[in-house]
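Everything on this sheet refers to the single structure shown next.
Taken together, the values in this text are just the output of simple stated rules run on the coordinates, not laboratory data. What you are looking at is a predicted structure, and each value in this text was computed from that prediction instead of being measured. All Cβ positions, even for glycine, are placed from backbone atoms using ideal geometry, and neighbour counts span all protein chains on display.
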């Protein structure tokens, strides 16, 4: 089981979502994808996209201005 880290801090739409989709394509079943960002709209869009792609959301947390979403393929 691998882990893919995606750092999109400072990036705005649609970059975080595009990077999340790229990571999902690269990931093998069971892999963990950790996405860190700062764009508020992306924090809402990424879980919705994960849900649409049937990707499991392990955690979704806000730490100050940053958020971290952990997905499992």
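May I ask you to list the residues in the stretch 25-47 that are assigned to a helix (DSSP H, G or I) and under 12 Å from the mean Cα position of the chain (by Cα)?
Of everything in the stretch 25-47, those that are assigned to a helix (DSSP H, G or I) and under 12 Å from the mean Cα position of the chain (by Cα) turn out to be 42, 43, 44, 45, 46, 47.
Please specify each residue of the stretch 48-63 satisfying the condition of being farther than 17 Å from residue 11 by Cβ and part of a helix (DSSP H, G or I).
Across the stretch 48-63, the qualifying residues are 48, 50, 51, 52.
Are any of the residues in the stretch 1-16 under 13 Å from residue 73 (Cβ atoms), touching a strand residue (DSSP E or B) at 6+ places or on another chain (Cβ under 9 Å), part of a helix (DSSP H, G or I) and in contact (Cβ under 8 Å) with a residue 12 or more places away in the chain?
no
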